[in-house]
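Everything on this sheet refers to the single structure shown next.
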Amino acid sequence: MSETSNQQIPGLAQKKVFKIIVLGDSGVGKTCLTYRFCEGQFLDKSEATIGVDFRERTIRIRNEEIKLQLWDTAGQERFRKSMVQHYYRNVHAVVIVYDVTKPESFHSIVSWMQEVESHGLTNAPRVLVGNKCDCGTPESRLATTYAQRAADKYGMPLFETSALLDSECDNVESIFMTLAHKLYSKQPLRVISVEGDQSYGVVTLPRHKSRTAPPRDSCLCS
Amino acid sequence: MEHNNLDAASGDKFNLNGNCSPSPEKQSFDLNHTKNIDDISTPSELKFDEDFDFEDPQISEKRKEIERCLHSPDTVNLDQWQHLARSKGGLISDDYRKVIWPLLVGVTKDEMTEPPSLDDLSTHGEYNQVVLDVNRSLKRFPPGIPYEQRVALQDQLTVLILRVIIKHPNLKYYQGYHDVAITLLLVCGDRASFPLLCRLSCGAAAPLQPFMQTTMAPTQHLLNYMLPVIRRADPDVADCLDKAQVGTMFALPWYLTWFGHSLNRYSDVVRLYDYFLCSPPLFPVYVTAAIVLYRGGEVLRCDCDMAMLHCLLSRLPDDLPFEDILVTAEKLYLENDPEDLEPEVAALERREAEIRHADEERMRRRREAGARARAGRGRAAAGWRGVTSLAAWLPAVTSRRALLATATVLLGVYVYYRPELLFNR
């Protein structure tokens, strides 16, 4: 993993890489969520993910550049068993996604947690994400208190968001930034920060694209 | 599923291939039939292809030859159709493909039957997954296709897929099957694509059959043939893939969808289908090998890292020279018969199993170490945090009284070991 070709902070030989795997049932919006974070916009023509997809983005924590690698997995069960296994190797953190308008996808969290534990990731930072909160009516959406209870049970923070709404993009940011911060503070070998480290504990979020697209109100779900 | 209720209304208007036409005989081998209102969405009307100002004279010549063959199809044998499909440029146009694809896999007109309605199929267990994937297949439709027409085609696609897995309950739907189905549907229409898709899915030598088993293990095994083929042709590239442990996942969607999922240009997809419809089932794997070899320079220049290589390889450039790649793949196939490769594949899989085993062992140890660390922390932890978390691990100790007793004992033990905290002020 030589980073020599990339622009980087002088004095640092290598960018830190945090590997995050994104799990959840088919159609809950894993691809759109990772796309929103990495590209700063909503993926209009999202397709079913076959196998595993990969996206990355460089962020900055305390003046240090960190590469977040997001592994976006297929939701269909047949891909999980043997195929995705390879990608659990060296994973640092886990994002489990459900669709707030589809209770089944929420109930699957149990099996996703089992899967995570079977891969020895019990101690890895995890977050639970309820996606598509722009869809449906407040009554048809899974109640936050209910989801919060599950999140508490597994000891992970809960985020409710929408990969579609531009107004929610800060929330999407905070999902991955929370993980990044947790991982950063867990690092046993801290690289001594370079000079000018005035932003102690403050995250700088580089905006990739200007978000000038007209706000979208309609739900794209069908 | 907002469009399901449109089905009844749109069924008459948007049937493909003139489903409403009274005489089915008329439809299949007559290219010159006049377009009527029922044909509004015939595949040939859907424009994917850029209009070429200039056509390669060789292709123009081939076009004439195909038209000659189509005028008197009874005089043309399978070998000749196959030759046309495989040789440079393939079958050139969807007008020709629509007739020739069924011939390549031996589908007869009698098999092209009227599809059932979507409502009849909606109780199937895979219905939701299929609809979910079909609804997300927007990218596969011709740009600018009217909304109603697209929705009608998507319904036809759902019906097509469900028809196959209902007829063959042993076959399991996989994400990606819809990419194959839509290619057939767009080219051949809903009546011809059903027997065509059945032929490709069911039977010992059916190319999609391994993908439709209960697990993906057979697919994974077949995809593993790619690596020895690459190794024999270019050991440096193979070493690089090996060292990065990139695996074969980057090529999985290629193989599962015959590249339908991964290529942006429709013309490339149908060209490959021309070839695959008359190739051995494993041939697409040789095409994946040929693509990796073609991009060998990029592979060697890339960081030897799983993520980087996966990222590089999984995104196919738009300008791949598929005619050359097919020639290379054919050559690779002739030089490296699948049977010859078996020992190498077996060795590869043994090694993978060892790595997996070591991984599992490592995970087991990590779990145990984690449990030990927690237990240790539980013994020595100060204050209520330790006590409460201990209570969480010992679900039996849930009553308040038991909790209080445990806490007292633990505090006693703790103070015994570290008295300085209490007395050393």
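The values are calculated or read from the model by the stated rules, or taken from the named source; none is laboratory data. For clarity, every value in this text was computed on a predicted model and none was experimentally measured. Quick reminder, even Gly has a Cβ in these numbers, built from the backbone with ideal geometry, and neighbours come from all protein chains shown. For the accessible areas, the whole protein counts, side chains as well, though only heavy atoms, and no ligand, DNA or RNA atoms are used. Shrake-Rupley method; radii C 1.70, N 1.55, O 1.52, S 1.80 Å.
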Residue in the stretch A:142-150 that is open to solvent by 20 Å² or more (accessible area, probe 1.4 Å), more than 20 Å from B:Gly370 (Cα to Cα) and assigned to a loop (DSSP other than H, G, I, E, B) present: yes
Any hit, the stretch B:68-75, residues being open to solvent by 70 Å² or more (accessible area, probe 1.4 Å) and either β-branched (Val, Ile, Thr) or touching a residue at least 60 places away in the same chain (Cβ under 8 Å) (or both): yes
Enumeration of residues in the stretch B:175-207 that are more than 14 Å from every other protein chain (Cβ to nearest Cβ), over 20 Å from B:Leu91 (Cβ atoms) and not in a helix (DSSP H, G or I): B:Cys202, B:Gly203, B:Ala204, B:Ala205, B:Ala206
Unique match (being over 15 Å from the mean Cα position of the chain (by Cα) and either assigned to a strand (DSSP E or B) or within 11 Å of chain B (Cβ to nearest Cβ) (or both)) among A:Glu56, A:Glu47: A:Glu47
Of all residues making up the stretch A:30-44, the number that are open to solvent by less than 40 Å² (accessible area, probe 1.4 Å), out of contact with any helix residue (DSSP H, G or I) (no Cβ under 7 Å at 6 or more places or on another chain) and within 11 Å of chain B (Cβ to nearest Cβ): 2
Residue within the stretch B:276-287 that is in a helix (DSSP H, G or I), open to solvent by 20 Å² or more (accessible area, probe 1.4 Å) and touching a residue at least 40 places away in the same chain (Cβ under 8 Å) present: no
Filtered residues of the stretch A:74-115 (kept if small (Gly, Ala, Ser), within 10 Å of another protein chain (Cβ to nearest Cβ) and open to solvent by less than 20 Å² (accessible area, probe 1.4 Å)): A:Ala74, A:Gly75
Every residue from the stretch B:79-104 that is touching a Cys at 6+ places or on another chain (Cβ under 8 Å) and either assigned by TED's automatic domain parsing to the domain that holds B:Leu184 or touching a residue at least 24 places away in the same chain (Cβ under 8 Å) (or both): B:Trp81, B:Gln82, B:Ala85, B:Arg86, B:Arg97, B:Lys98, B:Trp101, B:Pro102, B:Leu104
Near pairs, Cβ below 6 angstrom, 6+ apart or cross-chain, from the stretch A:157-184 (open to solvent by 10 Å² or more (accessible area, probe 1.4 Å)) to any residue that is assigned to a helix (DSSP H, G or I): A:Leu158/A:Ala147; A:Leu158/A:Gln148; A:Leu158/A:Ala151; A:Phe159/A:Ile175
Unmet criterion (only one of (1) within 25 Å of B:Val164 (Cα to Cα); (2) surrounded by fewer than 13 Cβ atoms within 10 Å (Cβ to Cβ)) for B:Asp79: (1)
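If only one of B:Leu341, B:Leu320, B:Leu326, B:Leu313 is part of a loop (DSSP other than H, G, I, E, B) and out of contact with any Ser or Thr (no Cβ under 9 Å at 6 or more places or on another chain), which one is it? Give the derivation first.
Details: B:Leu341 fails: part of a loop (DSSP other than H, G, I, E, B); B:Leu326 fails: part of a loop (DSSP other than H, G, I, E, B); B:Leu313 fails: part of a loop (DSSP other than H, G, I, E, B).
Going through B:Leu341, B:Leu320, B:Leu326, B:Leu313 in turn, the sole match is B:Leu320.
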